[in-house]
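The values are calculated or read from the model by the stated rules, or taken from the named source; none is laboratory data. Please read these numbers as outputs of a predicted model, since none were measured by experiment. With ideal geometry, Cβ positions are generated from the backbone for all residues, glycine too; neighbour counts draw on all protein chains shown. SASA here: full protein model, heavy atoms, side chains in, ligands and nucleic acids out. Shrake-Rupley method; radii C 1.70, N 1.55, O 1.52, S 1.80 Å.
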Amino acid sequence: MTDADDRLSGIEGAVSAVIASHELSLVDADFRREGRRWVLRLFVDKPGGVGIGDCQRLSHELGDVLDVAGLIEESYDLEVSSPGLDRELRKEREFRWAIGKAVRCWLREPVDGRRELAGRLVAVTGEHVTVSDPDGMVIVVPRPLVTKVRLDPALLGAGRRR
């Protein structure tokens, strides 16, 4: 773990109880320098989705908690938002959160003759990503072959994106 990971872990620890008190879960967190400013982004979710009011209330409360905790010395902007409808999944926590959700996966080389898969994310391990396609076929893909995974809400809607 790097110093940046340790720092982000400390920030997550400081805000987790407040997030949970709002009946939200932390999907992802990112703290990075962008231009002259630092930006702390917290992505939260709850069953039924997160609204702007949820993000505003949480942002005000988390700003106070972070100020008191003194974990961030630099000037920074705090952004609290929902994960987004077609968010790319990058971290293990995001993959665990997305189990059961509709996803689209792109592969480095074909598996069962396909370089792109769409369906429900069934399972994720360090070695494999398992997707159940709309026809009910379960496809297990070696993790190193996966180049990108995105949420795909259109898959559950009236039609599939091409």
How many residues are free of Cβ contacts under 8 Å to residues at least 40 places away in the same chain and of a type in the set (S, T, N, Q) if we restrict to segment 71-113? 2
Considering segment 74-100 alone, what residues qualify as being open to solvent by 70 Å² or more (accessible area, probe 1.4 Å), part of a loop (DSSP other than H, G, I, E, B) and modelled with pLDDT of 90 or more? 75, 99
Which one of 134, 144, 153 is of a type outside the set (Lys, Arg), in contact (Cβ under 8 Å) with a residue 24 or more places away in the chain, open to solvent by 70 Å² or more (accessible area, probe 1.4 Å) and more than 30 Å from residue 7 (Cα to Cα)? 134
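Condition check ((1) β-branched (Val, Ile, Thr); (2) part of a strand (DSSP E or B)) across all residues:
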residue: 27; (1), (2): yes, yes
residue: 41; (1), (2): no, yes
residue: 50; (1), (2): yes, no
residue: 106; (1), (2): no, yes
What do you reckon, is residue 120 of a type in the set (Lys, Arg) and surrounded by 15 or more Cβ atoms within 10 Å (Cβ to Cβ)? yes
Identity of the residue in segment 20-46, over 15 Å from the mean Cα position of the chain (by Cα) and not charged (D, E, K, R), that ends up surrounded by the fewest Cβ atoms within 10 Å (Cβ to Cβ): 35
Subset of segment 44-61, residues closer than 19 Å to residue 97 by Cβ, out of contact with any Pro (no Cβ under 9 Å at 6 or more places or on another chain) and among the hydrophobic types (A, V, I, L, M, F, W, C), comes to 55, 58
